[in-house]
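The values are calculated or read from the model by the stated rules, or taken from the named source; none is laboratory data. Just so we're clear, the structure is a prediction, and the values are computed from it rather than from any experiment. Reconstructed Cβ throughout: ideal geometry from the backbone, glycine too, with neighbour counts over all protein chains shown. Ligands, DNA and RNA are stripped out before the accessible areas are found, and what is left, the full protein with its side chains, is counted by its heavy atoms. Shrake-Rupley method; radii C 1.70, N 1.55, O 1.52, S 1.80 Å.
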Amino acid sequence: MTLYGLARPALFRIDAETAHGLTIKALATGLMPACAPADPRLAVNRLGLAFPNPIGIAAGFDKNGEVPDAILKIGFGFAEVGTVTPQPQAGNPKPRIFRLPRDRAVINRLGFNNQGHAALRARLIDRRGRGGIVGVNIGANKDTVDRAADYVAGIEAFADLASYFTVNISSPNTVGLRDLQARAAL
(Lines give C-alpha, C1' and ligand atoms only; values in the text may rest on other atoms or scores of the structure.)
Protein backbone atom coordinates (compact mmCIF):
# COMPACT_ATOMS: atom_id res chain seq x y z
CA MET A 1 0.00 0.00 0.00
CA THR A 2 1.22 3.51 -0.77
CA LEU A 3 1.81 6.23 1.81
CA TYR A 4 -1.23 8.05 0.43
CA GLY A 5 -3.29 4.89 0.76
CA LEU A 6 -2.35 4.71 4.42
CA ALA A 7 -2.90 8.43 5.11
CA ARG A 8 -6.10 8.92 3.08
CA PRO A 9 -8.59 7.52 5.64
CA ALA A 10 -7.17 9.76 8.38
CA LEU A 11 -7.05 12.82 6.14
CA PHE A 12 -10.66 12.29 5.06
CA ARG A 13 -11.80 12.34 8.70
CA ILE A 14 -10.79 15.99 9.00
CA ASP A 15 -12.00 18.94 6.95
CA ALA A 16 -10.33 19.44 3.58
CA GLU A 17 -8.57 22.71 4.38
CA THR A 18 -7.01 21.31 7.55
CA ALA A 19 -5.91 18.21 5.62
CA HIS A 20 -4.31 20.48 3.03
CA GLY A 21 -2.45 22.38 5.75
CA LEU A 22 -1.21 19.12 7.27
CA THR A 23 0.02 18.00 3.86
CA ILE A 24 2.05 21.22 3.48
CA LYS A 25 3.51 20.70 6.98
CA ALA A 26 4.39 17.08 6.17
CA LEU A 27 6.15 18.13 2.96
CA ALA A 28 8.00 20.87 4.88
CA THR A 29 9.62 18.24 7.13
CA GLY A 30 11.59 16.99 4.14
CA LEU A 31 11.16 13.41 5.32
CA MET A 32 9.57 12.10 2.12
CA PRO A 33 11.75 9.98 -0.15
CA ALA A 34 12.99 11.44 -3.39
CA CYS A 35 11.67 9.93 -6.58
CA ALA A 36 13.82 8.12 -9.05
CA PRO A 37 15.63 10.41 -11.50
CA ALA A 38 13.41 11.70 -14.27
CA ASP A 39 13.36 9.69 -17.46
CA PRO A 40 15.13 11.85 -20.06
CA ARG A 41 12.42 10.93 -22.58
CA LEU A 42 9.99 13.07 -20.55
CA ALA A 43 12.10 16.24 -20.74
CA VAL A 44 10.42 19.24 -22.34
CA ASN A 45 12.05 22.49 -23.43
CA ARG A 46 9.67 25.43 -23.79
CA LEU A 47 10.22 29.17 -23.75
CA GLY A 48 13.82 28.81 -22.60
CA LEU A 49 12.96 26.50 -19.70
CA ALA A 50 14.17 22.89 -19.44
CA PHE A 51 11.48 20.90 -17.62
CA PRO A 52 12.62 17.44 -16.45
CA ASN A 53 9.06 16.29 -17.14
CA PRO A 54 5.81 18.04 -18.12
CA ILE A 55 3.86 17.32 -14.91
CA GLY A 56 3.83 20.05 -12.28
CA ILE A 57 1.91 21.39 -9.33
CA ALA A 58 -0.18 24.40 -10.29
CA ALA A 59 -0.91 27.44 -8.17
CA GLY A 60 -3.23 26.99 -5.23
CA PHE A 61 -1.48 24.04 -3.64
CA ASP A 62 1.50 25.95 -2.21
CA LYS A 63 0.09 29.47 -2.03
CA ASN A 64 2.87 30.82 0.19
CA GLY A 65 5.87 29.09 -1.35
CA GLU A 66 6.50 26.91 1.68
CA VAL A 67 7.40 23.66 -0.10
CA PRO A 68 8.47 24.12 -3.74
CA ASP A 69 11.65 22.12 -3.17
CA ALA A 70 9.72 19.22 -1.64
CA ILE A 71 7.35 19.27 -4.62
CA LEU A 72 10.32 19.07 -6.99
CA LYS A 73 12.00 16.37 -4.87
CA ILE A 74 9.04 14.02 -5.13
CA GLY A 75 9.24 14.12 -8.91
CA PHE A 76 7.22 17.00 -10.28
CA GLY A 77 8.74 18.82 -13.25
CA PHE A 78 7.89 22.24 -11.84
CA ALA A 79 6.19 23.93 -8.92
CA GLU A 80 3.99 26.99 -9.26
CA VAL A 81 3.49 28.97 -6.04
CA GLY A 82 0.69 31.41 -5.29
CA THR A 83 -1.65 32.94 -6.17
CA VAL A 84 0.08 35.70 -4.24
CA THR A 85 -1.19 39.26 -3.83
CA PRO A 86 0.78 42.38 -2.86
CA GLN A 87 -0.73 42.50 0.63
CA PRO A 88 -1.65 39.49 2.77
CA GLN A 89 -5.32 38.61 2.76
CA ALA A 90 -7.47 36.04 4.54
CA GLY A 91 -9.53 34.93 1.55
CA ASN A 92 -13.14 33.82 1.73
CA PRO A 93 -14.93 32.67 4.88
CA LYS A 94 -14.67 28.99 5.83
CA PRO A 95 -15.62 26.37 4.82
CA ARG A 96 -14.12 26.98 1.41
CA ILE A 97 -12.73 23.65 0.21
CA PHE A 98 -15.21 20.87 -0.52
CA ARG A 99 -14.38 17.27 -1.35
CA LEU A 100 -16.13 15.39 -4.15
CA PRO A 101 -14.92 11.85 -3.33
CA ARG A 102 -16.88 10.09 -6.07
CA ASP A 103 -15.33 12.43 -8.63
CA ARG A 104 -11.88 12.33 -6.98
CA ALA A 105 -11.93 16.13 -6.96
CA VAL A 106 -12.33 19.21 -4.78
CA ILE A 107 -14.06 22.54 -5.14
CA ASN A 108 -11.79 25.42 -4.16
CA ARG A 109 -13.37 28.68 -3.00
CA LEU A 110 -10.36 29.95 -1.08
CA GLY A 111 -10.31 33.42 -2.61
CA PHE A 112 -6.58 34.23 -2.86
CA ASN A 113 -5.78 33.62 0.81
CA ASN A 114 -2.03 34.20 1.11
CA GLN A 115 0.68 35.88 3.16
CA GLY A 116 1.54 38.52 0.53
CA HIS A 117 4.53 39.42 -1.60
CA ALA A 118 7.00 40.08 1.24
CA ALA A 119 6.56 36.64 2.84
CA LEU A 120 6.81 34.78 -0.48
CA ARG A 121 9.79 36.85 -1.60
CA ALA A 122 11.68 36.00 1.60
CA ARG A 123 11.05 32.27 1.06
CA LEU A 124 12.13 32.38 -2.58
CA ILE A 125 15.30 34.28 -1.64
CA ASP A 126 16.06 31.54 0.92
CA ARG A 127 15.84 28.85 -1.79
CA ARG A 128 18.11 30.64 -4.29
CA GLY A 129 20.63 28.38 -5.96
CA ARG A 130 18.65 25.16 -5.39
CA GLY A 131 17.58 24.85 -9.00
CA GLY A 132 14.35 23.54 -10.37
CA ILE A 133 11.59 25.44 -12.13
CA VAL A 134 9.47 27.50 -9.74
CA GLY A 135 6.83 29.75 -11.24
CA VAL A 136 4.94 32.49 -9.44
CA ASN A 137 1.22 33.01 -9.91
CA ILE A 138 0.35 36.65 -9.24
CA GLY A 139 -3.01 38.15 -8.38
CA ALA A 140 -4.71 41.33 -7.23
CA ASN A 141 -5.89 42.04 -3.72
CA LYS A 142 -9.65 41.83 -3.30
CA ASP A 143 -9.91 45.44 -2.08
CA THR A 144 -7.40 47.05 -4.44
CA VAL A 145 -8.35 50.16 -6.37
CA ASP A 146 -5.87 49.43 -9.19
CA ARG A 147 -5.69 45.77 -10.17
CA ALA A 148 -3.21 46.42 -12.96
CA ALA A 149 -0.83 47.99 -10.43
CA ASP A 150 -1.10 44.87 -8.26
CA TYR A 151 0.00 42.70 -11.19
CA VAL A 152 2.88 45.06 -11.99
CA ALA A 153 3.92 44.90 -8.32
CA GLY A 154 3.96 41.10 -8.56
CA ILE A 155 6.22 41.12 -11.60
CA GLU A 156 8.53 43.62 -9.91
CA ALA A 157 8.60 41.66 -6.63
CA PHE A 158 9.58 38.34 -8.21
CA ALA A 159 11.28 39.16 -11.53
CA ASP A 160 14.67 38.08 -10.16
CA LEU A 161 13.32 34.89 -8.53
CA ALA A 162 10.57 33.37 -10.69
CA SER A 163 11.26 30.91 -13.49
CA TYR A 164 8.01 32.13 -15.08
CA PHE A 165 4.83 34.02 -14.21
CA THR A 166 1.16 33.20 -14.41
CA VAL A 167 -1.24 36.13 -14.19
CA ASN A 168 -4.42 35.03 -12.43
CA ILE A 169 -7.41 36.85 -13.91
CA SER A 170 -9.87 34.01 -13.75
CA SER A 171 -10.77 33.47 -10.11
CA PRO A 172 -14.55 33.40 -9.69
CA ASN A 173 -13.89 33.98 -5.97
CA THR A 174 -12.75 37.58 -6.45
CA VAL A 175 -15.62 39.87 -7.39
CA GLY A 176 -15.03 41.59 -10.72
CA LEU A 177 -11.72 39.87 -11.42
CA ARG A 178 -13.00 38.15 -14.55
CA ASP A 179 -13.73 41.58 -15.99
CA LEU A 180 -10.00 41.70 -16.70
CA GLN A 181 -10.51 39.03 -19.37
CA ALA A 182 -12.09 41.62 -21.66
CA ARG A 183 -9.86 42.60 -24.59
CA ALA A 184 -9.55 46.25 -23.48
CA ALA A 185 -8.55 45.30 -19.94
CA LEU A 186 -5.94 42.80 -21.12
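Restricting attention to region 1-23 and to residues that are more than 27 Å from Arg127 (Cβ to Cβ), of a type in the set (Gly, Ala, Ser) and over 21 Å from the mean Cα position of the chain (by Cα), the residue that is modelled with the lowest pLDDT turns out to be Gly5. Within region 109-136, residues that are assigned to a strand (DSSP E or B) have Cβ atoms under 8 Å from residues that are open to solvent by 50 Å² or more (accessible area, probe 1.4 Å) and not aromatic (Phe, Trp, Tyr) in these pairs: Asn114/Pro88, counting only partners at least 6 apart in sequence or on another chain.
Looking at (1) under 28 Å from Phe165 (Cβ atoms); (2) open to solvent by 60 Å² or more (accessible area, probe 1.4 Å), which is the one condition that is false for Glu17? Status for Glu17: all satisfied but (2).
When region 120-148 is filtered for residues that are more than 22 Å from Asn92 (Cα to Cα) and of a type in the set (Asp, Glu), only Asp126 remains. Among the residues of region 31-49, none qualifies, meaning not one is touching a strand residue (DSSP E or B) at 6+ places or on another chain (Cβ under 7 Å), surrounded by 13 or more Cβ atoms within 10 Å (Cβ to Cβ) and either part of a helix (DSSP H, G or I) or at positive phi (or both).
Scan region 24-34 and give yes if some residue there is under 16 Å from the mean Cα position of the chain (by Cα) and in contact (Cβ under 8 Å) with a residue 60 or more places away in the chain, otherwise no. The answer is no, given that none of the residues of region 24-34 is under 16 Å from the mean Cα position of the chain (by Cα) and in contact (Cβ under 8 Å) with a residue 60 or more places away in the chain.
Scanning region 61-102 for residues that are open to solvent by less than 20 Å² (accessible area, probe 1.4 Å) and on the phi > 0 side of the Ramachandran plot returns Gly65, Gly82. For region 108-130, the candidate set comprises residues that are open to solvent by less than 60 Å² (accessible area, probe 1.4 Å) and of a type in the set (A, V, I, L, M); within that set, the residue that is nearest to Ala162 (Cα to Cα) is Leu124. Just one of (1) assigned to a loop (DSSP other than H, G, I, E, B); (2) touching a residue at least 12 places away in the same chain (Cβ under 8 Å) trips up Arg13, so point out which. Exception for Arg13: condition (2).
A Cβ distance below 6 Å, combined with a sequence gap of six or more or placement on separate chains, defines the contacts here; from region 138-158, residues that are on the phi > 0 side of the Ramachandran plot and in a helix (DSSP H, G or I) reach no residue that is charged (D, E, K, R) and buried (at least 18 other Cβ atoms within 10 Å of the Cβ).
Lys142 satisfies every condition listed in (1) touching a strand residue (DSSP E or B) at 6+ places or on another chain (Cβ under 8 Å); (2) at pLDDT 95 or above except (2). Checked against the criterion of being charged (D, E, K, R) and assigned to a helix (DSSP H, G or I), region 82-101 contains not a single residue that satisfies it.
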